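Engineer: Okay, here's the structure, questions in a sec.
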Amino acid sequence: MSAVIDPTRSAGSPNSNQSGAGAPLLSLQDVHTWFELRKFGFGSAGSVRAVDGVSFDLRRGQSIAVVGESGCGKSSLMKTILGLHKPTEGELLFEGNPLSAMDRTAMREYRAQVGYVQQDPFGALAPFMKIERILEEPLIVQKVRSSAERKRRVAEVMEEVRLTPVDDFLGKFPHMLSGGQQQRVVIARAMILRPKLIVADEPVSMLDASVRVEVLRLMQTLQQEHNLGVIYITHDLSTVRYFAERIFVMYAGKLIEKAHVDELLRNSLHPYTNALLAAIPDPDARNAIELREVPPGEPPNLIDPPPGCRFHPRCAEAIEGLCEVKIPPDFEPQPGHSVDCWLYDQ
Amino acid sequence: MRVFSILRKYPSAAVGSFLILCLVVLAIYAPIALPYGEAIRLWRGGEGVWKESPKNARPAWYNAFGYNLPETIILDSTKDENLKERTVLTETMTDVFLSFPFDFTYDDFPQELQVFFQAEFDEKRPLIEMKWITPDGREIEFSDMTIQGNATYYVEQDEKLARDFDGQAPIHVLFADPNSETPTPLKGRYELQVAGLVFEDEADIDAQMIAYGKVYGLAGTDHKRRDLMVALLWGAPIALALGLIVSVVSGGASLIIAAVGVWYGGWIDALIQRITEVNMTLPGLSILIMVATFYSKSIWVMFGVLTLLGIFSGGIKSSRALFLQVKESPFIEAAQTYGAGSWRIITRYMIPRILPTLIPGVIGAIPGVVFTEATLSVLGLGDPLLPTWGKILNDARVNGALFQGQYYWVLEPSLLLMLTGLGFAMVGFALDRVFNPRLRDV
Amino acid sequence: MSKHVTSSHVTSSRETSDKNLLKVEDLRLYYRTGQGIVKAVDGINFEMKRNEAMVILGESGCGKTSLTRALLRLLPNNIEQYTGKVYLNGLNIMELSEDNFRREVRWSKISMVPQAAMNSLNPVLRVGDQVTEPLTTHSNTSKSDAMEKAAAIFQSVGVPVDFLNRYAFELSGGMRQRTAIAMALITDPDLIILDEPTSALDVLTQANIMNVLKQIKWESNTSFILITHDISTSSELADRVAVMYAGQMVEVSDAERFFSQPQHPYSQKLLASVPKLRQIAEPEFITGQPPSLLALPSGCRFAKRCPSRFEPCDQVPPMIHEAGRRVQCWLVDPQYADAREMTS
């Protein structure tokens, strides 16, 4: 296995069932998810613009990382993809079918196709259920009626996440497992309905350093074996380069830069991305010598974001008269690398 | 279970559990020893049911404290042939001689002396003369009587004795030692002789003499001569059943309603909260009093009202706080993503999550229910037919028990009520510490 | 605010003062629990100089939070053993009475920013009241003087001064963490212990907080103990690094040599498991889990997971002192130099 993900590898993998032709697995088209704040009584006190114009395509076998700080809207984006929130504008398409047109049955099938790996492994598992029951629940909900069939699938998925010997774990409660093991159960649960898409929200940030790599490797293996599409949401840029092909940087509800991982790390364009990368230390004693450069201010409030480019109040390179007035569209200075910044307006 | 191993560490839980166990044993024993129908019949009293028991008698073990109070002495000619002797005098007259000897060894006088006659005859009523013989040989004559069917002689009402002995209490007349200054009973062998004359061949007289004691049974008796054990025993299953059913049903209903409110939010939650708030400010006891006074005192009605009042109470508020937290849990979110429906999430995920923490509350609520029933009964608003502890207290209060020094009448039901409350409360608090780790002593 | 600092701030603090600020000898803290005795701190030794920042690295369950409690004597009820010597400026503070310790050491000489401090601010008090509290309770400072000092500190940590009048919930996570740091600074302590100060924060906020700590260190004479599992961030402040595993310190070294050439296999694995942004090497992971502090193995506690395990590891390895660093490992023992050759 080579050190860095080869961007061409997954697309050409033997399990890939399309190579550009046919509808993408997931397609977001100018999706907005706004939450209305109700004033006491009647009337509205504005909206939280959590997702404010997000578009991208994802095919099977591809993985993207959505990177951003807290408050940038990435959790809301994830919940919109998972079907927990309805977009207020724009369209979300799964295999060409719009979510907005789905009835309850279709939504249930959609939910079976999307697996969710959460951040807090302990919180994600019902503490009063045994592992076996936890894993059977999605099957029961999705109307797999035969108990034997369910047990078979539970054992199958436990093997895949390497929680063996299976029988040792099935009868245990979540608190009897270590953090890493708990997270594997969460992954197993996400996989048990044989989804095509996995959404992982900071899957390793609550695990110890030594365990993180193990879990991320597992996810990578599962992705390759099942040709899954993976959306990986994180604020830890250092892990991204090992486990995703493309990075989307999110700021104040928008995807302000999208590129392949190596390209972004080598040649980041957006001033915010630059700031993020500059702020991440590697373990090196020389870090103690200087202050690290950090853009001033804080991420904007999503209820009342700054006009124009959302980053302009903190941007050292803001163009006066332009950046604070007009929202920059997607520019593509290089193929496959888009950035929402007036600096790249050709 | 893990629960029991932790529970063992708390002595209060052990004591409380023991008390509850005793209560349960009592509650199971009651319907076995004394079936429900029988208990109701006894409690209702009526014709001759409690004829042979004394009124307001103390419990028999009272004598263990150095007293020597009399027990009831019963002699019955229908049961013992030797007591009767028939002598035919003439064709038309037969002498029926009944003799009731007994030993009296007590330090206090019997409460009452009654003789119950049963006579069989056609037309002519038998004549009765009675003579009382004391251990020191004195003979005292009672009034003569003609009896009809079943007649009862009450020594208290004997005018002849009253006249002959000039105002002295009849029972003292019969039993007092003439030589002592203060009335003290004379110990020894007494005899009541009943000389009856019947005027027909087939006619006969039978009698039963009862010298009512001042102690009786395990628990004593009340003003209607009822053995208090009936009500003390039966009070247990009634209290237990009432407490458990009301507590569990209202606890369970509160749980589900709170969960539904929290899950659906919006106006449903608001409605439930408003109903709860209004209900909490209403005075529960007053409502129960009104219902009992104007509508019905039946125990079933009380069950229903207590349950209803209990559902929309503080339990919903605290459950709601817990549910609000649980609702945000990641595993609930995960359940939504794999397609679980609202009902499944409420019943299989949210409720099981907080159920253990509510168990102590349910157990702790039981004594409250029991006390409420007792309170209503004491006020005279309880179910009049049921033998409950509260009813005993009510009878005691109405009949001035404390003024008359009949402390046992008040203490026995109070003690049982108290122990019940204590038992459940202690177990409830201990369980609280088991289920709520933050309260544990490390 | 200069970004580049002259090298005199960087070189080893050996030259600033050769008297140790803190010297810890054989510190032990054992808890008594329902399942047995937990040996959370099992014989810790280290020293610190003035104006030095020491990072204590370790994963969850290694006992690092218990170490803070042991140093500050913030003990729960179920203590089985609490022994050792802690010399602060030459005085063994373990021998102080509870009262004296509270008055003179805790928060006046050694203060703390506990884990998730930003979430433990009192929600019903104004920020200013909370920040001044350590000063008004530990010394006879008047409230107004204390407020002035709080304002000055807020400026130095980068929080707007008018936030003193606000409530905790009105501040962002980064601001709250800075408030917690201000609370620890206000009594001018000799030593501040920070337990995972940046773990719940975003990248930019983390960088900001580390900048704040750096500046405090450069501008005052305070020493820091920084306890964390985040190796990359720890390198921002570290002068020296100590690695904790299963209640013991397995390696203590200066930062430069630690990050470039760690000696203990566990340290090596820890560093190797960190994904690095600017280097190509793929991160590794460590199999297995740390031993439970209830049932510690005899012999070297890391042996079960150690790739370089060999015979002597069944015995407890000695602490080898070598060129100013300490490593508790047989591999560093000169006797077994050949074994080291084989595994390096």
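Engineer: Show me the helices (runs of 4 or more DSSP H) found entirely inside region A:81-161 where at least 3 residues are touching a residue at least 12 places away in the same chain (Cβ under 8 Å), within 23 Å of the chain's Cα centre (by Cα) and more than 25 Å from residue A:207 (Cβ to Cβ).
Structural biologist: Where helices (runs of 4 or more DSSP H) fall fully within region A:81-161 and carry at least 3 residues being touching a residue at least 12 places away in the same chain (Cβ under 8 Å), within 23 Å of the chain's Cα centre (by Cα) and more than 25 Å from residue A:207 (Cβ to Cβ), they are A:104-113.
Engineer: Please enumerate the residues belonging to region C:263-303 that are touching a Lys or Arg at 6+ places or on another chain (Cβ under 9 Å) and within 25 Å of residue C:324 (Cα to Cα).
Structural biologist: Once the filter is applied, which keeps residues that are touching a Lys or Arg at 6+ places or on another chain (Cβ under 9 Å) and within 25 Å of residue C:324 (Cα to Cα), region C:263-303 yields C:263, C:265, C:266, C:269, C:300, C:302, C:303.
Engineer: Additional query: Suppose we filter region A:154-209 for residues that are closer than 25 Å to residue A:94 by Cα and either more than 14 Å from chain C (Cβ to nearest Cβ) or surrounded by 22 or more Cβ atoms within 10 Å (Cβ to Cβ) (or both); how many remain?
Structural biologist: 18
Engineer: Across region A:78-126, what is the number of residues that are of a type in the set (Ser, Thr, Tyr) and at positive phi?
Structural biologist: Qualifying residue count, region A:78-126: 0.
Engineer: Shifting gears a bit: Going through region B:324-347 one residue at a time, which ones are more than 9 Å from chain A (Cβ to nearest Cβ) and aliphatic (A, V, I, L, M)?
Structural biologist: Across region B:324-347, the qualifying residues are B:324, B:326, B:345, B:346.
Engineer: Among the residues in region C:310-332, are any under 19 Å from residue C:44 (Cα atoms), of a type in the set (Gly, Ala, Ser) and modelled with pLDDT of 85 or more?
Structural biologist: no
Engineer: Please determine whether any residue of region B:44-66 is in a loop (DSSP other than H, G, I, E, B), within 25 Å of residue B:405 (Cβ to Cβ) and touching an Asp or Glu at 6+ places or on another chain (Cβ under 7 Å).
Structural biologist: Looking through region B:44-66, at least one residue is in a loop (DSSP other than H, G, I, E, B), within 25 Å of residue B:405 (Cβ to Cβ) and touching an Asp or Glu at 6+ places or on another chain (Cβ under 7 Å).
Engineer: Another one. Evaluate the following for residue B:75: is it at pLDDT 85 or above, of a type outside the set (Gly, Ala, Ser), surrounded by 15 or more Cβ atoms within 10 Å (Cβ to Cβ) and in contact with a Leu (Cβ under 8 Å, 6 or more places away or on another chain)?
Structural biologist: yes
Engineer: Kindly provide the set of residues from region B:81-105 that are touching a Phe, Trp or Tyr at 6+ places or on another chain (Cβ under 9 Å), under 30 Å from residue B:58 (Cβ atoms) and outside any strand (DSSP E or B), ordered by number.
Structural biologist: B:83, the sole residue that qualifies.
Engineer: To continue, here is another question. Which count do you get for residues in region A:193-228 that are among the acidic types (Asp, Glu) and either within 14 Å of the chain's Cα centre (by Cα) or in a strand (DSSP E or B) (or both)?
Structural biologist: Of the residues in that region, 2 qualify.
Engineer: Just give me the residues in region C:220-258 being among the charged types (D, E, K, R) and more than 16 Å from residue C:49 (Cα to Cα), in sequence order.
Structural biologist: Passing the criteria: C:230, C:236, C:251, C:256, C:257.
Engineer: Looking at (1) buried (at least 16 other Cβ atoms within 10 Å of the Cβ); (2) under 27 Å from the mean Cα position of the chain (by Cα), which is the one condition that is false for residue C:155?
Structural biologist: Exception for residue C:155: condition (1).
Engineer: Also, quick follow-up: Within region A:315-346, how many residues turn out to be within 23 Å of residue A:263 (Cβ to Cβ) and among the β-branched types (Val, Ile, Thr)?
Structural biologist: 1
Engineer: Another question, then. If residue B:229 passes every condition in (1) among the hydrophobic types (A, V, I, L, M, F, W, C); (2) in contact (Cβ under 8 Å) with a residue 60 or more places away in the chain; (3) in a helix (DSSP H, G or I); (4) surrounded by 19 or more Cβ atoms within 10 Å (Cβ to Cβ) but one, which one does it miss?
Structural biologist: (2)
Engineer: Where the second residue is aromatic (Phe, Trp, Tyr) and not in a helix (DSSP H, G or I) and the first is away from every other protein chain (no Cβ under 14 Å) and farther than 11 Å from residue C:131 by Cβ and lies in region C:149-177, which pairs have Cβ atoms under 7 Å and are six or more apart or on separate chains?
Structural biologist: none
Engineer: How many residues are touching a helix residue (DSSP H, G or I) at 6+ places or on another chain (Cβ under 7 Å), in a strand (DSSP E or B) and closer than 14 Å to residue B:115 by Cβ when one looks only at region B:142-189?
Structural biologist: 0
Engineer: When residues of region A:122-142 are filtered for being within 9 Å of chain B (Cβ to nearest Cβ) and either hydroxyl-bearing (Ser, Thr, Tyr) or touching a Gly at 6+ places or on another chain (Cβ under 9 Å) (or both), how many remain?
Structural biologist: The qualifying residues number 4.
Engineer: Just to check your reading of the model, which residue among B:13, B:57, B:39, B:64 is under 17 Å from residue B:386 (Cα atoms) and aliphatic (A, V, I, L, M)?
Structural biologist: B:39
Engineer: Read through the list (1) surrounded by fewer than 14 Cβ atoms within 10 Å (Cβ to Cβ); (2) at pLDDT 90 or above; (3) of a type in the set (Asp, Glu), then give the number of the only condition that residue C:25 fails.
Structural biologist: Looking at each condition in turn, residue C:25 falls short on (1).
Engineer: How many of the residues making up region B:176-226 are in contact with a strand residue (DSSP E or B) (Cβ under 7 Å, 6 or more places away or on another chain), among the aromatic types (Phe, Trp, Tyr) and surrounded by fewer than 21 Cβ atoms within 10 Å (Cβ to Cβ)?
Structural biologist: Number of matching residues: 1.
Engineer: Find the residue count for region B:252-293, including only residues that are assigned to a helix (DSSP H, G or I), at pLDDT below 90 and farther than 29 Å from residue B:375 by Cα.
Structural biologist: Total satisfying the criteria: 1.
Engineer: Just for strands (runs of 3 or more DSSP E) wholly inside region C:44-130: which have at least 3 residues that are touching a Phe, Trp or Tyr at 6+ places or on another chain (Cβ under 7 Å) and surrounded by 14 or more Cβ atoms within 10 Å (Cβ to Cβ)?
Structural biologist: Strands (runs of 3 or more DSSP E) meeting the threshold: none at all.
The values are calculated or read from the model by the stated rules, or taken from the named source; none is laboratory data. Predicted, not measured: the structure shown is a model, and the values here were computed from it. Cβ sites come from the backbone with ideal geometry, for glycine too, and all protein chains shown count toward neighbours.
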